[in-house]
Amino acid sequence: MSDFERASGQTTLEILQTHWNYNRFRPLQQETIACILNQQDSLTLLPTGGGKSLCYQLPILMMPGKTAVVVSPLIALMEDQVQQAKSKGIKAVALNSAQPLEIRREIFEAFQAGEVQLLYVSPERFTSMAFVQSLQNSGRIAYFAVDEAHCLSQWGHQFRPDYQLLGQLKTWFPEIGIHAFTATAPKVVADEIGTMLNLVNPTVLKSSLYRANLYLGVVQRPSKKTEFQELLVTELLGRKGQAGIIYCFSRLQVEEWAKLLQANGIKAKGYHAGMTTGIRQKNQQAFMSGAIDVMVATVAFGMGIDRGDIRFVMHTHAPRSIEHYLQEVGRAGRDGNPSDCLLYYATRDFTTWESMLKKDERGETFQRSLEKLWQMQLFSEGADCRHNVLAQHFGMPLPTSNCHGCDACHRYPQAEPNSVLLAQQVLSAVWRTGALATRSTVVSLLLGDAALLPQAQAAQLQSLPIFGLLKDSSSRKTLQLAVEQLIALGLLVPTLGVEGGLTMTGDGQVVLRAFQQAKTAEGLPLQVQQQLATIKLYASTVGDYHRDGAGEGGMGSNTHGAGEKPRPERLILPTMGIPKPVKKKKRRTYAYQD
Ligand SMILES: [Zn+2]
């Protein structure tokens, strides 16, 4: 029993039971609370929905007369949290610049009088030295909790310059513990948070990000718009009554999709930052209360969303980073029941993102964003277990060799016996086509399909010795998969800025050169042989990108899978009311992303 437990006469578990009505803590909550009670600086990484806020709300109940200061990035989020804390019997208030001076004064007086247990503030409060001094003079501060701490990191995906002010907390309040919280973050971000906040020997608490109830499926989006619309509507009709979020690339697409779904009998509404606050709140409320099933949204939707039974999250476009992807899919299945996360992407999503980033960002920031984009592309186009790739990205232990919870484990169960030879042939085609190498050209070249080669260079390409090399022994599908695999293995990379473009990496060149010298796989040096033994290419896929048996069970289906599927009689296209894109209007810096 800690000093605080003795003083308050209650254990942390008893407080959990009385105020939250839970019988046990979730992973890392108790450890974090212990750090707070012991004034030991800490950084806790909990996946979205892992119960972060409880960690900093509970301890203050054991410290009568004291106040915990919680730094939170968004006013809307703060208000939600204040309501939630109040519902647990905690005296919580938010102090923000949107409030009239009079209200702020009242809040401050309550704080001075010791009537505030949790004081939520935005980071820019700390630009005011008067504010800092009154906190110092009060002598009431128990600890600081910095929520959404990834906003501190330039490597984070939501960097906010005003969060950097928090670096001075340790100077202003050297005796007081600082506790940072974030959803799962890559190691580089976690390290940067600790450094930026000047945490003293912080205890870093990380939970596994692997959530076995989430099925992760990734698939190329049909290139024809109507085909994709039909696919997604079919998918949703198979999930009628289930709650889900559809993430779109732009505000315009949100409007379009919401109209399309409504026209096809799906209870859906839209959400994006271009709507008035009133409409946004109304639509969010409709989703939270279960009045509608599907929220069609930009990335603006999600922070602070607390609906446990979200059964699916779908992306109509690739997000701009793995961090965004994880945060968005993390909103599915918080009740622990099976939930599906399907990402529909096209290679051109990445070139679109790249040109948008180019417009908005410069120098190092641009390079970082580009790198994140590239990692997202590798994730999407690779054929490795999705859960494993995520774990690796965030420096977590790999969950398992076959997770049974992603399309890659589901679709690519068996390797081709001649994987190594196939790898060599594809690499060699990329090498010989050089700057002309694209997925389509490389595959068409190996299959001897002259009609699909770029016209201007068709004659030149047809004269290559590898033209038609695999005409009789392979198929387009197999070779397309082989290309994806070689990308995942790091022997090829997509050429950013060229749709479908392929470039050979240094590793790819080493492997190819070894082949050229040895002629056969057996003649290769042992070291190269060992490296190649890891190459497993897949000739065919089994089933599709859905959860096992999902096609038959009515959990959803698609045009790629066989079997019965609840198709719409006819796709109903809404005829009116879709706003035209606003042309020539200067975009606000982040207009496209929320
Ligand atoms: Zn897997």
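Points to keep in mind about this one:
- The aspartates and glutamates whose alpha-carbon is closer than 17 Å to the alpha-carbon of LYS88, local same-chain residues fewer than 8 away aside, are GLU14, GLU79, ASP80, GLU115, ASP306.
- Exposure proxy order (Cβ contacts within 10 Å, fewest to most) of PHE181, PHE111: PHE111, PHE181
- Cross-link table LYS66/LYS86; LYS52/LYS259; LYS66/LYS170; LYS358/LYS477, entries beyond 26 Å C-alpha to C-alpha: LYS52/LYS259; LYS358/LYS477
- When both segment 359-378 and segment 315-344 are represented by their alpha-carbon centers, they are found 21 Å apart.
- Among 307-320, 189-202, the order from most to least packed when residues are scored by Cβ within 10 Å on average: 307-320, 189-202
- Remark: spin-label model distance LYS282-LYS477 equals 4.8 nm, labels positioned 7 Å along the Cα→Cβ axis.
- Anisotropy class of segment 263-309 from Cα gyration tensor, a/c 1.5 cut: oblate
- Segment 434-501: C-alpha gyration tensor shape, a/c 1.5 cut-off, then a/b vs b/c: oblate
- Compactness of segment 3-206, expressed as Rg and Dmax over alpha-carbon positions, Å: 15.8, 43
- Using the Karplus relation 6.51 cos²θ - 1.76 cosθ + 1.60 with θ = phi - 60°, the per-residue 3J(HN,Hα) values for segment 24-37 come to 8, 7, 8, x, 6, 5, 5, 5, 5, 4, 4, 4, 5, 5 Hz, with x marking Gly and Pro.
Each value in this text was obtained by applying a stated rule to the coordinates, not by laboratory testing. This one's a predicted model, so the numbers in the text were calculated from it and none came from an experiment. FYI the Cβ positions are ideal-geometry reconstructions off the backbone, even for glycines, and counts take in every protein chain you see.
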